[in-house]
Amino acid sequence: MTFDGATFDHGRVDVPNASIYWEATGNPGGIPVLYLHGGPGGSLGKGGYRKRHDSDRFWTIGLDQRGCGHSTPAAQDDLPNLPLNTTRTLIEDIEAVREHLGITRWIVTGVSWGSTLALAYALAHPHRVTGIALMAVTTTSRDEVDWITEGVGRIFPEAWHEFAEASGAVQGERLVGAYARRLAGSDRKDAETAALAWDRWESWHVSLDAPQMRGRYIDDERARMTFALLVTHYWSNDGFLVGGERILDRIHELEGVPGHLIHGRRDVSGPAVTPWLLHQRWPGSTLTVVDDEGHGGPTCVQAFCDAVEQLAGMQ
């Protein structure tokens with residue numbers, strides 16, 4: 001099969017309690033590049049990531065993370081197994097795809113939540129990683145989650161007030177915890193209401209560069225529920241990266257693994273302090289901050305593509 005003139009293949013890998021969808025574009029004999037999408041609970045979407053790398057030189061692999069996209073079952077259809085959907089499990093799923101495709105080592109890339117997952121994967125399996133390229137960099141720490149669900153309300157106070165009022169939080173409960181509780185609850189109508197409120201808030205805090213987005217982030221009802229359910233599940237648990245698993249505390253372990261951190265100065269959802277702190281503690285990393293862009297943008301994307309080219313040139 002071809003995609004825009006490049007070889008395209010796809011399939012599934014069965015893992016415990018799930019079937020993981022993967023797709024691969026480009027030259028199967030080329031340099032493998034893993035792409036990890038955002039969310040948690042996003043998907044590969046329309047596959048724009050496939051066009052970022054030279055299809056003659058690279059073999060680009062993407063996967064829909066457990067519970068979302070084309071991977072099955074969808075998280076909302078498998079609530080009893082939701083507690084098993086953790087960062088550790090996602091890392092195991094990535095390894096299952098790598099082994100299935102016969103890849104020994106690859107360049108690992110990720111965007112937004114995908115950057116958290118990329119770093120967690122690299123820390124778990126550094127010998128499988130030849131380099132790392134990240135855009136809209138996050139580590140999903142408690143500080144980052146509290147900022148995106150609470151602190152950033154200082155920038156969008158009217159939308160945040162509505163978001164907080166709609167949370168259903170009881171006294172002492174974090175907003176993200178309240179939404180996670182409702183979205184994973186047995187009352188599906190209440191879960192749908194919570195998903196709509198969560199979606200509206202998402203549409204605001206990513207909208208600094210595009211105010212026209214405000215009001216609706218994800219149009220498809222099932223995709224909206226998947227996203228809200230999984231993002232609150234992960235965020236309310238600090239990305240399942242706590243204690244000795246916190247990425248910032250371990251990032252020095254990637255010394256010797258080249259990495260590129262690309263971030264928009266105007267990214268109010270995830271301030272540039274996160275990639276800056278990572279860069280300070282990660283010998284061999286490169287930090288690129290794009291002053292006039294937010295949570296991604298054309299200049300960030302070009303820097304991301306250039307980073308992959310540079311990493312390939314080091315092999």
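The values are calculated or read from the model by the stated rules, or taken from the named source; none is laboratory data. None of the values given here were measured: they were computed from a predicted structure. Reconstructed Cβ throughout: ideal geometry from the backbone, glycine too, with neighbour counts over all protein chains shown.
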- Report yes if Val268 is touching a strand residue (DSSP E or B) at 6+ places or on another chain (Cβ under 9 Å), within 23 Å of Met314 (Cα to Cα) and either at pLDDT below 95 or not in a loop (DSSP other than H, G, I, E, B) (or both), otherwise no. no
- Query: What are the residue pairs meeting all of these: first residue in segment 11-23, first residue outside the structural domain of Leu90 (by TED's automatic domain parsing), second residue surrounded by 20 or more Cβ atoms within 10 Å (Cβ to Cβ) and not in a strand (DSSP E or B), Cβ atoms under 6 Å, and 6 or more apart or on different chains?
  - Reply: none
- Query: In this structure, is Thr109 in contact (Cβ under 8 Å) with a residue 40 or more places away in the chain and either touching a strand residue (DSSP E or B) at 6+ places or on another chain (Cβ under 7 Å) or over 23 Å from Thr138 (Cα atoms) (or both)?
  - Reply: yes
- Query: Any idea how many residues of segment 201-237 are buried (at least 20 other Cβ atoms within 10 Å of the Cβ) and of a type in the set (D, E, K, R)?
  - Reply: 2
- Can you work out which of the residues in segment 240-265 that are more than 19 Å from the chain's Cα centre (by Cα) and among the hydrophobic types (A, V, I, L, M, F, W, C) is farthest from Met314 (Cα to Cα)? Leu254
- Task: Please find, within segment 263-287, the residue that is surrounded by the fewest Cβ atoms within 10 Å (Cβ to Cβ) out of those that are in contact with a Pro (Cβ under 9 Å, 6 or more places away or on another chain) and over 22 Å from Trp204 (Cα atoms).
- Result: Gly284
- Query: How many residues are aliphatic (A, V, I, L, M), assigned to a loop (DSSP other than H, G, I, E, B) and more than 22 Å from Glu293 (Cβ to Cβ) when one looks only at segment 181-217?
  - Reply: 1
- Task: Kindly indicate the residue of segment 59-77 that is out of contact with any helix residue (DSSP H, G or I) (no Cβ under 7 Å at 6 or more places or on another chain) and farther than 15 Å from Val111 by Cα and also surrounded by the fewest Cβ atoms within 10 Å (Cβ to Cβ) among those meeting that condition.
- Result: Asp77
- Task: Examine segment 135-150 for a residue that is modelled with pLDDT under 95, surrounded by fewer than 17 Cβ atoms within 10 Å (Cβ to Cβ), of a type outside the set (A, V, I, L, M) and out of contact with any helix residue (DSSP H, G or I) (no Cβ under 7 Å at 6 or more places or on another chain), and state whether such a residue exists.
- Result: no
